[in-house]
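Q: Can you read through this structure? Questions will come right after.
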Amino acid sequence: MKNCVMPTKEKSRSDYFMSPSVEALSDVQLLSSEKVWDILDYVHESPKGVRPKEIADEFDLSVNQAYDKLKKLERQDYLVRKKERGKRGHSPERKTLLYLSKPWGGSDLDGDFEDHLAKKYGAFVMERIRPIFLELFKTILDEMSKDSDLAPWFPTSHENLCPDCGMKHQALELFRALTSFSADVMESSSYEWYRMMLEKGYLSKKEFDECVQQSPDDLKWRLSDKPAG
């Protein structure tokens, strides 16, 4: 590929999100331990998963202590546990525990709210929004491999696929990051967005006037779709 700037080595983890989402007080309490946070980050950097013995060796813990911390992260839904057959030479019945990180950047909706949305607007998303985001994802993936600034975030294919779900978590996290980025650009940049919020009573007239008077040059994309004149 002409002028292609491919990363010589994939980053050990994606940096699209600074951390997994924290949704409950129990999450805060669990992650208040620096060692637990370091373990979570370590597992996230290991797409093929880790075993308690590896965590014990890496963080100077007993195997029981490592298992206890991994189990707590699994219970809080940060990790997935998978049983695999032991290494050759062990009894066929012997199983070893493999812990895998779940993709970061996700969020859980209220169950009832999500059910109503799915029933009423699931088809709308599939028909109207899905093609837009798929095209965005494909376009940026194509450009990433050629862009020296974005190349470090390019998820290479057929490598480090999750042994639990079969998917490349980095690619999934990139897709989620792009949808979040799109929402942020629209929210901070669209004249029509501010107008709609004002008309629905979700934005004060004072704030609206201040927003529309800002120069687009000062706030990146802000008000880029404001009608001329």
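The values are calculated or read from the model by the stated rules, or taken from the named source; none is laboratory data. None of these values were measured; they are calculated from a predicted model. Quick reminder, even Gly has a Cβ in these numbers, built from the backbone with ideal geometry, and neighbours come from all protein chains shown.
Q: Which residue pairs have Cβ atoms under 8 Å apart, sit 6 or more places apart or on different chains, and have a first residue in region 30-45 that is touching a residue at least 40 places away in the same chain (Cβ under 8 Å) and a second that is aromatic (Phe, Trp, Tyr)?
A: Filtered contacts from region 30-45: Leu40/Tyr78; Val43/Tyr99; His44/Trp104.
Q: Just give me the residues in region 146-168 being touching a helix residue (DSSP H, G or I) at 6+ places or on another chain (Cβ under 7 Å) and touching a residue at least 60 places away in the same chain (Cβ under 8 Å), in sequence order.
A: Once the filter is applied, which keeps residues that are touching a helix residue (DSSP H, G or I) at 6+ places or on another chain (Cβ under 7 Å) and touching a residue at least 60 places away in the same chain (Cβ under 8 Å), region 146-168 yields Ala151, Trp153, Phe154, Pro155, Cys162.
Q: Also, I was wondering about something else. Condition first: among the polar types (S, T, N, Q), part of a loop (DSSP other than H, G, I, E, B) and not assigned by TED's automatic domain parsing to the domain that holds Lys72. Can you find one or more residues in region 89-105 that meet it? Steps first, please.
A: Looking only at region 89-105, we keep the residues that are among the polar types (S, T, N, Q), and these are 91, 96, 101.
Next, from what is left, pick out any that are part of a loop (DSSP other than H, G, I, E, B): 91.
Pick out the ones that are also not assigned by TED's automatic domain parsing to the domain that holds Lys72 and you get none.
Within region 89-105, not a single residue is among the polar types (S, T, N, Q), part of a loop (DSSP other than H, G, I, E, B) and not assigned by TED's automatic domain parsing to the domain that holds Lys72.
Q: While we're looking at this one, here's another question. Of the residues that make up region 49-65, is at least one touching a strand residue (DSSP E or B) at 6+ places or on another chain (Cβ under 8 Å), within 26 Å of Gly166 (Cα to Cα) and among the basic types (Lys, Arg)?
A: Yes, some residue in region 49-65 is touching a strand residue (DSSP E or B) at 6+ places or on another chain (Cβ under 8 Å), within 26 Å of Gly166 (Cα to Cα) and among the basic types (Lys, Arg).
Q: Tell me which of these Ser145 doesn't satisfy, since it passes every other one: (1) exposed (fewer than 14 other Cβ atoms within 10 Å of the Cβ); (2) out of contact with any Leu (no Cβ under 8 Å at 6 or more places or on another chain).
A: Condition (1) is where Ser145 drops out.
Q: Another question, then. Scan region 178-217 for residues that are of a type in the set (Gly, Ala, Ser) and at pLDDT below 90 and jot them down.
A: Ser180, Ser182, Ala183, Ser188, Ser189, Ser190, Ser215
Q: Scan region 43-57 and give yes if some residue there is within 20 Å of Pro103 (Cα to Cα), acidic (Asp, Glu) and either at pLDDT 90 or above or not assigned by TED's automatic domain parsing to the domain that holds Leu97 (or both), otherwise no.
A: No, because not a single residue in region 43-57 is within 20 Å of Pro103 (Cα to Cα), acidic (Asp, Glu) and either at pLDDT 90 or above or not assigned by TED's automatic domain parsing to the domain that holds Leu97 (or both).
Q: Test each condition in (1) aromatic (Phe, Trp, Tyr); (2) surrounded by 12 or more Cβ atoms within 10 Å (Cβ to Cβ); (3) modelled with pLDDT of 90 or more for Phe124 and report the one that comes out false.
A: (2)
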